[in-house]
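Below is one structure, written out as structure tokens, with a few remarks after it.
The values are calculated or read from the model by the stated rules, or taken from the named source; none is laboratory data. Just so it is clear, the structure is predicted and the values come from calculations on it, not from any experiment. Note that each Cβ is placed from the backbone with ideal geometry, even for glycine, and that neighbours are counted across all protein chains shown. When the accessible area is computed, the model is the full protein with side chains, heavy atoms only, and any ligands, DNA or RNA have been set aside. Shrake-Rupley method; radii C 1.70, N 1.55, O 1.52, S 1.80 Å.
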Amino acid sequence: MQIDMTKTLIKGGTIISMDRKTGDFAKGDILVNGTEIEKIGKSIRSPGAKVIDATGMIVMPGFVNAHLHTWQTGIRGVAGNWSIPEYLHQMHATIAPRYTAKDTYLGNLIGALNQINLGATTIFDWCHNNSTPAHSDAGVRGLQEAGIRALFGHGSPKPDAKKGAKHFSEIPHPRAELERLRKGALSDDDGLVSLAMSALGVDFSIWDVVEHDFALAKELDLIISTHVWGAPTRLNPDGYKKLSKLKLLDKRHNLVHGNYLPDDELQLVLDSGASVTITPEVEIQMGHGQPLIGRVRAMGGKPSIGIDVESNISGDMFTVMRMAMQPQRLVDNQATVRETKTLVSELSIKPREALEWATINSARAMGLDKKVGSLKPGKQADIIMINGNDLNLFPVHNPVESVVFHAHGGNVDTIMIAGKIQKQNGKLKYRGLRSKMDELAKSGRRILKGVKLAA
């Protein structure tokens, strides 16, 4: 029988679809046609299709990492003892200006490959170290070469201002660069890598810049993501109220962190349709404040989660998912005990909900939920297979709990992005990885030479 190269049948796996209509299957098949999922069922016949035996595998949508500064991949392990003020000074004023365009390319390439290797098929690459167009182009090239699905969030550097120059908070997002990228390397909005804005936002820019940037995002119909803490030092305490009155606050906005936002402001953001992305492990370490998982849930929002920076933590979404859920369970449990004066009888967060944060909710935050984040016919074939026979997972009694509580990136056996196999039998398909890793190591050593790092 001639093999149909356009079709792949993933057969006999335990399917977690993350789609209520599709449901889950203790044993089921997924038929992929080209870049899309054609059919999901208990038993599918497709003569001629290439068959992948998924026996013993947990098959699910790839993770969606909703916040990652991928350019920092080459300087892993330098920020594990930094608070947020130390990070802002050391990373942006000291280290970032040393980056060449090639450094950005290598960080994005290896960082994206690592995300694929660990089970993330989509990332929001928040690239705010692009001091020249060449840096932006290099970052895009790294993502595209890796084969990952990504939003390239075009940002802006935050160096110390030189004498006579404007502070970064006074500089509007460059329209010309966004238009150049959209006409060039990122002209296809349906491509694997597409364009977004990573702007300064209400905390880090003067009001005229905030209004300019949000109006530009609306005009160009781009996701606009911003770092927000809501701390007393913020530049625009009433920024979101003003944006709402101007009808510039809507589903295109992605708020990252927001730990100190007052309830009324956070509710305003959520009511507008905007998304909130939490990066719990980094926030807990650096002093951002209590992660917003519980508050967003209480207000009817749908939390999304991301890694943030690999300069201080692992890029493994399994870890971040647990770091988002378990501390919030602790907070909720303590509140229950205080209120009821008795032991907790039921936990506040179910494992499936945590898995939603890392898949469909994060896809929604990126405006990609119609394409990815769950498995259903018509969606892109972004699929991962986790080996349930691995020693740390076997035996699998509850697939969702196995993924959420027991699995790690090393258990990811096979990965498909837009129907293309990027990892199989535990091995990435990318060729020449060792050589690129050696280049990344040299890049990191040069960037950090002479930088005083905490012990």
For the chain, the dipole about the Cα centre with charges only on Cβ (Lys and Arg +1, Asp and Glu -1), to the nearest 20 debye, works out at 820
With a cut-off of at most 15 other beta carbons within 10 Å, and DSSP calling the residue loop, which trypsin sites (Lys or Arg not before Pro) in the range 387-455 qualify? Please list them.
Lys429, Arg431, Lys449, Lys452
The range 197-271: C-alpha pair distances exceeding 21 Å, %
13
Averaged per residue, what accessible surface does the range 140-186 expose to a 1.4 Å probe, in Å²?
50
When the Karplus curve 6.51 cos²θ - 1.76 cosθ + 1.60 is applied with θ = phi - 60°, which whole-Hz ³J(HN,Hα) does each residue of the range 17-33 get, with x for Gly and Pro?
7, 6, 10, 5, 5, 5, x, 10, 9, 4, 8, x, 10, 10, 9, 9, 10
Rh_Kirkwood(the range 272-355) over Cα pairs, Å, one decimal, evaluates to 13.7
Can you list residues whose amide H is under 5 Å from Lys39's amide H, if they're 5+ apart or on another chain and H is modeled 1.01 Å from N?
Leu31
quick shape note, the range 178-335: Cα extents on principal axes in Å, largest first -> 50, 35, 27
Cβ-derived FRET efficiency at R0 25 Å, Arg98 paired with Met437, nearest 0.05:
0.80
With θ set to phi - 60° and the Karplus curve 6.51 cos²θ - 1.76 cosθ + 1.60, what are the ³J(HN,Hα) couplings of the range 90-96 in order, to the nearest whole Hz, using x for Gly and Pro?
5, 6, 8, 8, 9, 7, 4
The range 73-169, relative contact order in percent, only Cα pairs under 8 angstrom and at least six apart counted
32
Of the residues Tyr260, Gly201, Trp126, the Cα lying farthest along the dipole of the chain towards its positive end, which is defined by charges on the beta carbon of Lys, Arg, Asp and Glu, belongs to Trp126
Taking the Cα centroid of the range 124-165 and of the range 192-244, what is the distance between the two, rounded to the nearest whole Å?
17
Surface/4 estimate of mean projected area, convex hull on alpha-carbon atoms of the range 311-425, nm²:
9.8
In whole Å and largest first, what semi-axes does the C-alpha gyration tensor of the range 366-455 yield when each eigenvalue is scaled by 5 and square-rooted?
32, 20, 16
Efficiency of FRET between Thr55 and Ile421 - r from beta-carbon atoms, R0 22 angstrom, step 0.05:
0.80
Counting only Cα atoms, I'd like the Rg/Rh figure for the range 321-369, Kirkwood definition for Rh.
1.14
Given the chain, what percent of its DSSP beta bridges are antiparallel, to the nearest 5?
40
Loop-only check: which trypsin sites (Lys or Arg not before Pro) in the range 238-302 are DSSP coil with at most 14 other Cβ within 10 angstrom?
Lys247, Lys251
I'd like the distance separating the alpha-carbon centroids of the range 89-104 and the range 387-436, in whole Å.
32
With every protein chain kept in place and a 1.4 Å probe, the range 298-455 has an accessible area per residue in Å² of 48
Over the Cα atoms of the range 120-235 the radius of gyration and the largest Cα-Cα distance (Dmax), both in Å, equal 14.4, 44
Carbon/sulfur fraction of accessible area - the range 48-101, other protein chains in place, 1.4 Å, %:
54
After finding the eigenvalues of the alpha carbon gyration tensor for the range 61-101, what semi-axes result from the square roots of 5 times each, listed largest first in whole Å?
22, 14, 9
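Round to a whole number: what % of the accessible area of the range 109-239 belongs to carbon and sulfur, probe 1.4 Å?
Reported share for carbon and sulfur atoms: 55 percent.
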Taking just the alpha-carbon atoms of the chain, what radius of gyration and Dmax come out, in angstrom?
21.8, 73
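Could you state the accessible area per residue of the range 195-295 in Å², with a 1.4 Å probe and every protein chain left in place?
36
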Translational diffusion coefficient, Stokes-Einstein: compute it for the range 1-70 using the Kirkwood radius over C-alpha pairs as Rh, at 20 °C and 1.002 mPa s, and state it as an integer in µm² s⁻¹.
165
Share of the range 323-428's accessible area from carbon and sulfur, percent, 1.4 Å?
52
For q = 0.12, 0.14, 0.18 Å⁻¹, Debye-computed log10 I/I(0) when each Cα of the range 23-182 counts as one equal scatterer
-0.66, -0.80, -1.11
Taking 0.36 nm per residue of separation and subtracting the Cα-Cα distance, what length does fully extending Lys350 through Leu330 add?
5.9 nm
List the trypsin sites (Lys or Arg not before Pro) within the range 32-120 that fall in a DSSP loop (any state other than H, G, I, E or B) and whose Cβ has at most 13 other Cβ atoms within 10 Å.
Lys42, Arg45
